[in-house]
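The values are calculated or read from the model by the stated rules, or taken from the named source; none is laboratory data. Predicted model, so just to flag it, every value in this text is computed and none were measured. Every residue, glycine as well, gets a Cβ built from its backbone with ideal geometry; the counts of neighbours run over all protein chains shown.
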Amino acid sequence: MAILNPLIAYNLNKMKTMNFYKNTVLIVAILLFGSVYAQQEPNYSLYRYMMNVINPAYAGADGNTSLTSNFRSQWLSIQGAPETQSFFYTQPIGDKIGIGISLVSDQVFIENQTSINIDFSYRLQISEATNLYLGLKAGGGTYDIERNNLANLGFQSDPALNNLDTGFRPNFGAGAYLKHDKYFLSLSVPSILSSERIDESEGRVTQATEEAHVYLSGGYNFAISENTAFRPSAMLRYVSGSPLSADITAAFRFYDRFEFGAAYRTDEAFAGLMMINLADWMDVGYAYESSTRDEISNLSNGTHEVFIKFNFKKKSN
């Protein structure tokens, strides 16, 4: 026992040191990579199927009354890493109008944010195969930070955080969505109003401003054979103060039911994805994303994203 006790004490101290190192690297990674944390809204590997979250013009554009849910767990196994749950309901009304409602809950580090918005879209027919949808988004949400955890994590808190507005925050957004039988183009600003949030500077958590995000995306469907289609797409994300970010995706669809693909994000992430149409009323999807940043990939088990969509009723032509 006299020999074992020092060994046990040594192993315990070693484990504590490793945990401290892991948590320190994690927090620094989350705070310093502004493209992921400080100035960016949540990313989605399955963005092509999640257009509701970024563009209100998409409400009702697919002709379905549907309920969609998405669960994204980023950098699994790392405490304090981003967690996002999203829910969308959309319904066409007549031939011209679409409405939708979205609920998004996002947790990152010591931040907790929940938003609810209502979408409205109006369809303009450009040609027999092309429609332009114009949309508006209105709503708001709550924002809160766990100030007491800063000291426990070894960060200094700026006194300005005491004046940070954590009450209800109104939101307004707009977008346009051009839809053709073979391609789509989307341009949107889902949150035009700026708001206060936190940032990190030299080991101190301070007050910052979240700027409006601009999204530009598009995709094309190439028919390879009667039962196979190649579906490349891309999305550009711009916000003042951060580098331009791009998601580039290549996917193949088989028998109009199975879709498999891969994606690359320019701020250093790769993803594999799949979508399966289980029935006319249900689609499911999954994406696994891995960061190419050593600071993240050495500590986490990747990012997992799960997608479920229920189609209740298709609009008659």
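Say we look at region 78-98 and pick out the residues that are of a type in the set (S, T, N, Q), out of contact with any Pro (no Cβ under 7 Å at 6 or more places or on another chain) and not in a loop (DSSP other than H, G, I, E, B); which of these is farthest from PHE312 (Cα to Cα)?
Filtering region 78-98 for residues that are of a type in the set (S, T, N, Q), out of contact with any Pro (no Cβ under 7 Å at 6 or more places or on another chain) and not in a loop (DSSP other than H, G, I, E, B), the one farthest from PHE312 (Cα to Cα) comes out as GLN85.
So, in region 200-227, of the ones that are at pLDDT 70 or above and outside any strand (DSSP E or B), which residue ends up farthest from ASP256 (Cα to Cα)?
GLU211
Under 9 Å between Cβ atoms, at least 6 apart or on separate chains: pull out the pairs that start in region 169-190 with a residue that is within 17 Å of THR114 (Cβ to Cβ) and end on any residue that is of a type in the set (Asp, Glu).
Sorted first by the residue in region 169-190, then by its partner, the pairs are ARG169/GLU196; GLY173/ASP119; PRO190/GLU41.
LEU67 fails exactly one of the following numbered conditions: (1) within 16 Å of the chain's Cα centre (by Cα); (2) surrounded by fewer than 19 Cβ atoms within 10 Å (Cβ to Cβ); (3) part of a strand (DSSP E or B). What is the number of that condition?
All conditions are met except number (1).
For region 213-234, give me each residue that is aliphatic (A, V, I, L, M) and surrounded by 16 or more Cβ atoms within 10 Å (Cβ to Cβ).
Correct list: VAL214, ALA229, ALA234.
Quick check: anything in region 299-316 in contact with a Pro (Cβ under 6 Å, 6 or more places away or on another chain) and at pLDDT below 80?
For region 299-316, residues in contact with a Pro (Cβ under 6 Å, 6 or more places away or on another chain) and at pLDDT below 80: present.
Before we move on, is ASP247 surrounded by 14 or more Cβ atoms within 10 Å (Cβ to Cβ), at negative phi, under 15 Å from the mean Cα position of the chain (by Cα) and assigned to a loop (DSSP other than H, G, I, E, B)?
no
Looking at ARG237, ARG257, which is the one that is loosely packed, with under 15 Cβ neighbours inside 10 Å, touching a Leu at 6+ places or on another chain (Cβ under 9 Å) and touching a residue at least 12 places away in the same chain (Cβ under 8 Å)?
Testing whether each residue is loosely packed, with under 15 Cβ neighbours inside 10 Å, touching a Leu at 6+ places or on another chain (Cβ under 9 Å) and touching a residue at least 12 places away in the same chain (Cβ under 8 Å) leaves just ARG257.
For region 26-58, name all the residues that are closer than 20 Å to LEU193 by Cβ and either modelled with pLDDT of 90 or more or not in a loop (DSSP other than H, G, I, E, B) (or both).
ASN52, VAL53, ILE54, ASN55, PRO56, ALA57
Being at pLDDT 60 or above, within 29 Å of LEU236 (Cα to Cα) and over 19 Å from the mean Cα position of the chain (by Cα) is true for just one of LEU161, LEU178. Which residue is that?
Going through LEU161, LEU178 in turn, the sole match is LEU178.
Can you find, within region 281-298, the residue that is nearest to GLU259 (Cα to Cα) among those that are exposed (fewer than 15 other Cβ atoms within 10 Å of the Cβ) and at pLDDT 90 or above?
Out of the qualifying residues, it is VAL284.
Yes/no per residue for (1) surrounded by 14 or more Cβ atoms within 10 Å (Cβ to Cβ); (2) assigned to a strand (DSSP E or B); (3) of a type in the set (S, T, N, Q):
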site: GLY100; (1), (2), (3): yes, yes, no
site: ASP106; (1), (2), (3): yes, yes, no
site: ASN112; (1), (2), (3): yes, yes, yes
site: LEU124; (1), (2), (3): no, yes, no
site: GLU128; (1), (2), (3): no, no, no
site: LEU136; (1), (2), (3): yes, yes, no
